[in-house]
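Let me begin by presenting the structure, written as structure tokens, before commenting on it.
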Amino acid sequence: MAEKKIIAVVGATGAQGGGLVRAIQGDPSGGFAARAVTRNPNSEKAKELARLGAEVVAADVDDDASLEKAFRGAHGAYCVTFFWEHFSPDRERAQARAMAVAASRAGVAHAIWSTLEDTRQWVPLDDDRMPTLLGSYKVPHFDAKGESNRVFSEQGVPTTFLLTSFYWDNFIFFGMGPKKGPDGKLAITLPMGDRKLPGIAAEDIGRCAYGIFRKGKDHAGKTVGIAGEHLTGAEMAATFTKVLGREVGYHEIPPEVYRGFGFPGAEDLGNMFQFNRDFSDYFCSARSVEFSRSLNPALQSFEVWLKKNRARIPIE
Ligand SMILES: NC(=O)c1ccc[n+]([C@@H]2O[C@H](COP(=O)([O-])OP(=O)(O)OC[C@H]3O[C@@H](n4cnc5c(N)ncnc54)[C@H](OP(=O)(O)O)[C@@H]3O)[C@@H](O)[C@H]2O)c1
């Protein structure tokens, strides 16, 4: 049997990378093997990946030598950054650069860079429809990723630029689930007006990435976008109502109110939703559900995902 192609997966114990490791290891005849990259191979999550048969290696994206070692001998590399751990676009750019350089030095044949739009191409800094944040960003956690795309090209790494979507898992982990309003009624709160938001089950991002590695160089040098479904706030609320068996409304608010919520990252997310709303046609068209299903035939709709996860939705 031909030797399996190794895919080094950054963020392997997390949402995107974890989905990819499970997709690779779940397809033993697919010709690929996962190398899970983690800072701590002794963590429970890392051990779980080892039990699936993944090779687990220690590396830190802030340590260039460890990263190059982790990528060496790999056919592919899945590159993702962790904005919400540090809230720093400078650090995110440095980590993206480190991965691009390591992929180049290690001679990786195909990288996937988990990216998002540099929103300043749509909303220049002098456009005051939304505030400029941290001095030179509109949506810091998008802009630094988009700005980093060129580093992968400059390093000569055959790269697929993967535009991801809003995780529906945010309804579980990010405090975005249905909450009771002053009227005692449950509602989800989003500043999306009546526009559609592309969303996806986080696990499906890794499965789609696996589809991209399987298709190989067809997708190298290209930008592709993925989503499980494009839904308005009202449509998501209607699905909550159906699946939870309790009335859930859509509380539509202006982005400036969202920006003022005061939790860490509220301004960044307020601007993000405003960008998603104001450029919804572009944003949805860049993330085809049909294409995503061609990469990952088991792609979940919001209803399918919610039925599976209903017991995990915190309701306040
Ligand atoms: N939430 C959303 O809706 C959404 C949508 C689209 C894109 N995104 C983007 O997704 C990215 C995060 O991806 P994710 O959700 O898959 O992350 P995640 O679930 O938070 O997992 C991050 C993993 O990365 C590892 N990690 C953190 N710092 C590291 C470092 N310095 N070196 C090596 N590994 C490190 C950690 O593993 P160890 O502790 O094992 O090392 C952790 O398990 C963010 O940049 C965010 O902007 C989020």
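The values are calculated or read from the model by the stated rules, or taken from the named source; none is laboratory data. Fair warning: this is a prediction, and the values are worked out from it, not measured in the lab. Backbone-built Cβ (ideal geometry, glycine too); neighbour counts: all protein chains shown. The accessibility values were calculated without ligands, DNA or RNA, using every heavy atom of the protein model including side chains. Shrake-Rupley method; radii C 1.70, N 1.55, O 1.52, S 1.80 Å.
Here are the numbers for the structure shown:
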{"read-out": "Fraction of accessible area attributable to carbon and sulfur, the chain (%, probe 1.4 Å)", "value": "50 percent"}
{"read-out": "Cβ-based charge dipole, the chain, positive-most Cα from Phe32, Phe279, Gly107", "value": "Phe32"}
{"read-out": "Mean separation of Cα contacts under 8 Å, 6 or more apart, over the residue count of the range 92-207: relative contact order %", "value": "27 percent"}
{"read-out": "Pairwise label distance in nanometres, Glu3 with Phe173, each label 7 Å out on the Cα-Cβ vector", "value": "3.4 nm"}
{"read-out": "Cα-based shape type of the chain, given that a ≥ b ≥ c are square roots of the gyration tensor eigenvalues and the cut on a/c is 1.5", "value": "prolate"}
{"read-out": "Modelled FRET efficiency - R0 51 Å, Asp128 with Ala58, Cβ distances, 0.05 increments", "value": "0.65"}
{"read-out": "Whole-number accessible area per residue in Å² for the chain, which is evaluated in the context of all protein chains at 1.4 Å", "value": "43 Å²"}
{"read-out": "Phi-based couplings in Hz for the range 10-23 (Karplus 6.51, -1.76, 1.60; Gly and Pro marked x)", "value": "6, x, 5, 8, x, 5, 5, x, x, x, 5, 4, 5, 5"}
{"read-out": "Folded to 0 to 90 degrees: helix 233-244 orientation relative to the chain principal axis, Cα", "value": "80 degrees"}
{"read-out": "Helix 266-278 axis, angle to the chain major axis (alpha carbon atoms, nearest 10°)", "value": "80 degrees"}
{"read-out": "Dipole of the range 164-237, positive direction: furthest Cα of His230, Pro178, Ala220, with charges on the beta-carbon", "value": "Ala220"}
{"read-out": "3J(HN,Hα) from dihedral phi, the range 288-305, Karplus parametrisation 6.51/-1.76/1.60, rounded to Hz, x for glycine, proline", "value": "6, 5, 4, 4, 4, 5, 5, 7, 9, x, 8, 3, 8, 7, 4, 5, 4, 4"}
{"read-out": "Residue of Gln121, Gln95, Gln274 that the Gaussian network model of the chain assigns the largest fluctuation, springs spanning Cα pairs under 10 Å", "value": "Gln121"}
